[in-house]
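A.B. asks: Take a look at this one; I'll ask things after.
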Amino acid sequence: LGKYNETRHADLFYNGENVGRLVLESLFNPPRLQRSISWKPEHRSDPEIPIPGNLGEVLLKLLSSYNICSKEKVVRRYDQEVKGQTVIKPLQGWNSGPSDASVLKPLDDNWKGVSISSGVNSRYGKIDPYWMAASVIDEAVRNNVCVGGRRWALLDNFTWGNPEYEDRLGGLVYACRGCYDTAKVYEAPFVSGKDSLYNESPLGPVTPTLLVTSLGIVPDIRKAITMELKDPGNALYLVGVTKPEIGGSEYLRLHGELGGSVPQLSPEVNITAYRSVLDAMDSGLVRACHDCSEGGLAVALSEMAFTGDLGLDVDIGKVLVSEEMRDDVLLYSESNGRLLVEVPCEKISLFEKIMKNTPISCIGAVKKESTLTITKDGELLIDNQLSTLIEAWKTPLEAER
């Protein structure tokens, strides 16, 4: 059809006659839109909420919240078996628990798989869009790690207000900086995405929201890890440090509050931890893995237990913390970078050797009895039957028409 040249023109010919010329200067020197930003974080502090008298009741309320409860009623409406390539499905275990990621086997002649996960939390965006972006990238990546995914690539989906307003655009810029800073450390390029801006009404803008999807490679799908507990007697480790970060949490939402201590993260620390966990998985030392996100540690423990139909004895006095905090904060903080890992007792020494450069704590053990028992230094905090936890988790959307 033609040849490239250096004229920066597009010359059109018909039967040898020049019938048109397009000047393409605008492609090489386009006008740039100049805008200002004025976003500043609001000064927010965490509210003074009373110490709950029954932490087990709080846990049931969290499991019943729409952001945490079972989405099985919705998930079952979609085909999860296209071409019969789904290895790990969205729902897992005896009670259709929430899988951290899905794994597909796209190649007929290879055991490699593709892991797909996501992260989103719009409540964080109400406090600080930078840390919202960093947090949802971390959530998407650590969900991918839970099934054995690595070599991550990312996709972004922004839903934002009118960028012609300085504060809306400012928040968007800070969110993009959070994406850049975190993705660089995780060596996870953004390969695609979709942005939806100008979402405004007379009542104001939508809540600034970023959904991040992570794609990873599972070297051998036969070794992919799921989140449900596997065997009584196995040890349960918590990877990462718990901090008093309840800003934007589901726990504060129960109290009608937002708070200010939005979860932050140290990506350099987290990436070291994630790579160590993957090494442990590759060495056959991990039986189950689940991330801590909405609802914090107590919710993640519940999900692992009732999905595997096995109980847990947990002592949160052994949890690594950044500072002293109330029991409810420790249980329901949503600090980033944390994974729950089930390890067979005979492999504990090898696991701890691989994880030597990562903050970990052995916080409990799997048991046959169908209860979630949480103590702190001998004091009983929570003792719930798995059947009670399952009912609280499954009921909300099942009751919807």
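A.B. asks: What is the sum of charges, Lys and Arg at +1 and Asp and Glu at -1, for the other residues whose Cβ falls under 11 Å from the Cβ of T207?
C.D. replies: On the way: positive: R123, K126; negative: none.
That works out to +2.
A.B. asks: Okay, next question. Please work out whether segment 267-323 counts as rounded, prolate or oblate from its C-alpha gyration tensor, where a ≥ b ≥ c are the square roots of the eigenvalues and a/c under 1.5 means rounded, while otherwise a/b larger than b/c means prolate and anything else oblate?
C.D. replies: oblate
A.B. asks: Suppose every K and R has +1 on its Cβ and every D and E has -1 on its Cβ; what is the size of the dipole of the chain about the Cα centre, in Debye to the nearest 20?
C.D. replies: That gives the chain a dipole magnitude of about 1020 debye.
A.B. asks: Another question about this same structure. Average the reciprocal distances over every distinct pair of alpha-carbons in segment 241-281, invert the result, and give the Kirkwood radius in Å.
C.D. replies: In segment 241-281 this quantity evaluates to 12.0 Å.
A.B. asks: Hey, what number do you get for the chain at 222 nm if only DSSP H runs of n ≥ 4 count, each worth -39500 (n - 2.57), divided across all residues, to the nearest 500?
C.D. replies: On the way: 12 runs with 122 residues, N = 401.
Computed mean residue ellipticity for the chain: -9000 deg cm²/dmol.
A.B. asks: Right, something else. What Rg and what Dmax come out for the chain when only alpha-carbon atoms are used, in angstroms?
C.D. replies: Every Cα atom of the chain included, Rg and Dmax give 24.1, 92 Å.
A.B. asks: Taking the alpha-carbon distance from K394 and a cut-off under 27 Å, which lysines remain once sequence neighbours fewer than 8 residues away in the same chain are dropped?
C.D. replies: K61, K71, K73, K89, K230, K367, K368
A.B. asks: Still on this structure: What fraction of the Cα pairs in segment 172-283, stated in percent, has a spacing above 24 angstrom? Display every interim value, and only then the final one.
C.D. replies: Values: 3160 of 6216 pairs.
Distances greater than 24 Å cover 51 percent of the Cα pairs.
A.B. asks: How large is log10 I(q)/I(0) at q = 0.15 Å⁻¹ when the Debye formula is applied to the Cα atoms of segment 296-359, each weighted equally and without solvent?
C.D. replies: -0.59
A.B. asks: Per q in 0.27 1/Å, what log10 I(q)/I(0) does a Debye calculation on the alpha-carbon atoms of segment 179-235 return?
C.D. replies: -1.16
A.B. asks: Further, regarding this structure: For segment 51-139, just say rounded, prolate or oblate: build the C-alpha gyration tensor, square-root its eigenvalues into a ≥ b ≥ c, call rounded for a/c under 1.5, and beyond that prolate if a/b exceeds b/c, oblate if not. Intermediate results must be reported in sequence, preceding the final value.
C.D. replies: Working: a/c = 2.75, a/b = 1.55, b/c = 1.78.
Oblate shape, in that a/c is at least 1.5 and b/c is the bigger or equal ratio.
A.B. asks: Using Cα pairs under 8 angstrom and six or more residues apart, how large is the relative contact order of segment 96-160, in percent?
C.D. replies: Dividing the mean separation by the residue count of segment 96-160 yields 31 percent.
A.B. asks: Same structure again: Just flag the GluC sites (Glu not before Pro) in segment 173-235 sitting in loop per DSSP whose Cβ has no more than 13 other Cβ atoms within 10 Å.
C.D. replies: E187
A.B. asks: Run the quick spin-label model on L33 and L397: label points 7 Å from Cα toward the beta carbon, then report their separation in nm to one decimal.
C.D. replies: 3.6
A.B. asks: Okay, moving on. Give the residue list of GluC sites (Glu not before Pro) in segment 351-400 that are DSSP loop and have at most 10 other beta-carbon atoms within 10 angstrom. Mind showing how you got there, number by number?
C.D. replies: Working: sites: E352, E369, E379, E391, E398, E400; in loops: E369, E400.
Loop-located and lightly packed - E400.
A.B. asks: Whole number please: convex hull volume per residue of the Cα set in segment 261-401, in Å³?
C.D. replies: 141
A.B. asks: Additional query: Mind listing the Cα extents of segment 106-187 along all three principal axes, in Å, largest one first?
C.D. replies: So the three principal-axis extents are 53, 22, 19 Å.
A.B. asks: A further question on this structure: Let me check I've understood the local charge: for A140, count other residues with C-beta under 12 angstrom from its C-beta, Lys and Arg +1, Asp and Glu -1. What total comes out? Please report the intermediate quantities before stating the final value.
C.D. replies: Working: positive: R142; negative: D100, D138, E139, D156, D291.
Net of charged neighbours comes to -4.
A.B. asks: Relative contact order, percent, of the chain when contacts are C-alpha pairs under 8 Å separated by at least 6 residues?
C.D. replies: 21
A.B. asks: Report the label-to-label distance for S45 and V191 in nanometres (one decimal), using points 7 Å from each Cα along the Cα→Cβ vector.
C.D. replies: 4.7
A.B. asks: What are the chymotrypsin sites (Phe, Trp or Tyr not before Pro) within segment 86-162 that DSSP puts in a loop, where the Cβ has at most 16 other Cβ atoms within 10 Å?
C.D. replies: Loop-located and lightly packed - W94, W111.
A.B. asks: Okay, next question. What number does segment 71-223 give for Rg over Rh if you use C-alpha atoms and the Kirkwood radius?
C.D. replies: Reported Rg/Rh (Cα atoms, Kirkwood Rh): 1.03.
A.B. asks: Then there's this: Taking Cα atoms, how many degrees apart are the long axis of helix 386-398 and the longest axis of the chain, rounded to 10 and kept between 0 and 90?
C.D. replies: Between helix and principal axis, roughly 40 degrees.
A.B. asks: Still on this structure: May I ask for the equivalent-ellipsoid semi-axes of segment 218-315, computed as the square root of five times each C-alpha gyration tensor eigenvalue and listed largest first in whole Å? Please report the intermediate quantities before stating the final value.
C.D. replies: Values: eigenvalues 145, 70, 25 Å².
Taking √(5λ) for each eigenvalue gives 27, 19, 11 Å, largest first.
Just so you know, all these numbers are worked out from the coordinates, no wet-lab data involved. Remember, predicted model here, so these are calculated numbers, not experimental data. Please note: Cβ atoms are built from the backbone with ideal geometry, for glycine as well, and neighbour counts cover all protein chains shown.
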